[in-house]
Amino acid sequence: MPDSPFLPEASAFVLRNARVPAAFLTDGVPAGALLDAEGCAAIDIVIADGRFGPLRPAGSSPQELPAADLAGRQAWPRLVDGHTHLDKGHTVARTPNPDGDFAGARDATSADRTRYWDAEDLRRRMAFGLACAWAHGTGAIRTHLDSQESGPEGGSQRDQAATSWGVFREMREAWAGRITLQGVGLTPIDAYATDYGRRLADLIADSDGLIGGVTRPTGGLHGGALAEIDALLDRLFGLARDRNLDVDLHVDETGDPAATSLDAVARATLRHGYEGRVTCGHCCSLALQPEAQATATIARVKQAGIRIVTLPTVNMYLQDRQRGRTPRWRGVAPVQELMAAGIPVAVAGDNCRDAFYAYGDHDMLDTIRAAVRILHLDHPLAGAPALAGPIPAAMMGLPHAGTIREGAPADLILLPARSLNEVVARAHADRLVLVAGRPVAARVPAYEALTGETAPW
C-alpha cells in the first residue's frame with residue numbers, strides 16, 4: 001500500500017475524531033471523551049516520532065499540529081494472534097484432508113510433514129504466512145511448531161524439531177520490528193517422559209520458546225488414566241520449571257465429554273506453583289460436560305490462573321464433523337462462562353489453509369469478526385475487540401501490543417467503519433495499516449509466491 005495522501009507527512013500529527021473501542025484503551029478512556037452506545041470513545045490521537053502521544057477527547061488536540069480527520073471512523077491497534085501454526089500453513093493444496101475431520105487432519109499433516117518439511121519448504125510457507133499477517137495488520141504472533149521425534153524418511157533422517165525451530169529463529173530475526181514472534185513446542189505430552197522430551201525442552205529453552213504439547217484425553221477423572229496424565233504433566237512441568245519456561249498446551253480438542261484433561265492441567269498448575277504461567281487452547285469438551293462438572297473445572301482453572309485461547313473458526317470446522325451429517329454443535333469452548341468467572345480468554349486464528357482448516361488468511365480482524373458471530377460475543381459488543389488485542393498481548397507478556405496508549409509504538413488499523421457493527425459486518429479489504437505512524441507499503445502476497453510462479457497481475 002503506498003503512502004497515504006490522507007496522512008500528514010510530518011513526524012508529529014493528529015488523527016482527529018477517531019472512534020476507538022474502550023477495550024483497546026488500557027490506560028483508560030481520556031477524561032471528558034464521549035462514549036457511544038457500543039463502548040467506543042471519540043478521541044484525538046497524537047502521533048509523534050512513531051509513537052502515540054497524548055490521547056484527548058475529540059476536538060481538543062493541539063491546533064498547531066497537522067491533522068487528518070477520521071470523521072468518526074474506527075481506529076484499532078494492530079491485533080495479536082496468540083495461537084497459530086505457521087509451520088503447517090498453506091499445505092492444503094498438496095496434501096488435502098479427505099474427509100475434513102480431525103483424524104484426516106492428523107494423518108494428512110503427518111504425511112505432509114514427513115515428505116516436505118525441509119528448511120526451504122518451511123521458510124517459504126512461513127514467510128508467506130507472515131507477509132499475509134503483516135499486510136492485514138497483525139503485530140504479534142505465537143506459533144506452535146510441530147516438534148515430534150522424527151524417524152527414518154526415505155533412507156535418511158531429518159531432525160524435524162531442529163529444522164523447524166531453526167527456521168523459526170530465522171523468521172523471528174527477519175521479521176523483528178514488524179511482527180513479534182513467539183514459538184511453542186508441539187508434541188504429544190508423552191514425549192516429555194522420554195529422553196527425547198528432555199532434549200526437546202533444551203531446544204525450546206535455547207530458542208527462547210515455550211514448552212507445549214497435546215494432552216491426551218483422561219477418560220474421566222478416575223483410575224489409571226488420571227494417574228497417567230498426572231505423571232506426564234508432572235514431568236512436563238518439571239522440565240518447564242528447571243528451564244524457567246512458560247507452558248502453552250492443546251487441551252481437550254474433542255467433542256467427547258469424558259475428555260477432562262483441562263482439570264488435570266489446572267491441578268498440575270497448582271501442584272507445581274505455576275499459577276499465571278499456563279495457557280490452554282481449544283478446551284472444546286468442557287462445553288459438553290454436565291454443568292456441575294464444568295463449573296468445578298472452571299473454578300479450578302480460575303484458581304490456577306490459567307489463560308484460555310479459543311479457536312472458533314477451526315473448532316467449528318473440525319468438531320462434530322461426520323460425512324453426510326450436519327453438525328449438531330459449534331465445537332467451541334464455553335467462552336462466556338469462562339469470561340464470567342474472570343478467566344482471561346483470547347480469540348486466535350489457529351490453522352490456515354492446511355488439513356486442520358482449509359481456509360483463512362492470517363487475518364485477525366477476520367478472526368475476531370467470525371468469533372463475534374460464532375461465540376455470540378455481541379449484545380453487548382463492547383468487550384469483544386479485547387479478545388484479539390490486550391488480552392492475548394498480556395498472555396504473551398507484550399504490554400504495548402494490541403493497545404492504544406501513550407508512549408507505545410503508533411501501530412494502528414484504520415477502518416472505513418463508524419461503528420463496531422460496521423466492523424463486524426464487512427471484511428474491510430480497504431483498511432489502512434500503520435506501523436510507527438506510517439502506512440505499511442504491503443499487499444497480501446499472491447498465492448503464486450508459494451510455488452515460485454509469477455502472478456498474471
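The values are calculated or read from the model by the stated rules, or taken from the named source; none is laboratory data. Just so we're clear, the structure is a prediction, and the values are computed from it rather than from any experiment. No Cβ is skipped: glycine too gets one built from the backbone with ideal geometry, and neighbour counts run over all protein chains shown. Note: accessible area is taken over every heavy atom of the protein model, side chains too, but ligands, DNA and RNA are not part of it. Shrake-Rupley method; radii C 1.70, N 1.55, O 1.52, S 1.80 Å.
Numbers below:
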read-out: The chain, relative contact order [Cα under 8 Å, separation at least 6], %; value: 23 percent
read-out: Cubic angstrom per residue, convex hull over Cα atoms of region 28-127; value: 203 Å³
read-out: Global geometry of region 173-218, whether rounded, prolate or oblate, following the gyration tensor of its Cα atoms and the 1.5 cut on a/c; value: oblate
read-out: Distance histogram for region 264-379 (every C-alpha pair counted, 10 angstrom bins, percent rounded to whole numbers); value: 13, 41, 33, 12, 0
read-out: FRET E, pair E9, Y447, Förster distance 30 Å, beta-carbon r, rounded to 0.05; value: 0.30
read-out: Share antiparallel - DSSP beta bridges, the chain, percent rounded to 5; value: 45 percent
read-out: Projected-area mean, region 15-75, by convex hull of Cα positions, square nanometres; value: 4.0 nm²
read-out: Accessible-area composition of the chain, carbon plus sulfur, in percent [1.4 Å probe]; value: 52 percent
read-out: Net charge of Cβ neighbours under 14 Å - reference Q289; Lys, Arg +1; Asp, Glu -1; value: -4
read-out: Square roots of 5 times each gyration tensor eigenvalue, C-alpha, region 192-336, largest first, Å; value: 26, 17, 15
read-out: Estimated FRET transfer efficiency when R0 is 51 angstrom, pair R169-A37 (beta carbons, to 0.05); value: 0.60
read-out: Accessible solvent surface per residue of the chain, calculated while the other protein chains remain in place, 1.4 angstrom probe, Å²; value: 40 Å²
read-out: Acute angle (nearest 10 degrees) that the helix 160-174 long axis makes with the longest principal axis of the chain, alpha-carbon atoms; value: 10 degrees
read-out: 20 Å binning of all Cα-Cα separations within the chain, expressed as whole percents from 0 upward; value: 25, 56, 18, 1
read-out: Projected area, mean over directions - region 62-110, Cα convex hull, nm²; value: 7.3 nm²
read-out: Tensor-based shape of region 78-171 (alpha-carbon gyration tensor, a/c under 1.5 rounded, otherwise prolate or oblate); value: oblate
read-out: Segment D208-Y196, length gained on full extension (0.36 nm per residue, minus Cα span); value: 2.5 nm
read-out: Estimated Rh, region 181-269: Kirkwood, alpha-carbon pairs, angstrom; value: 13.1 Å
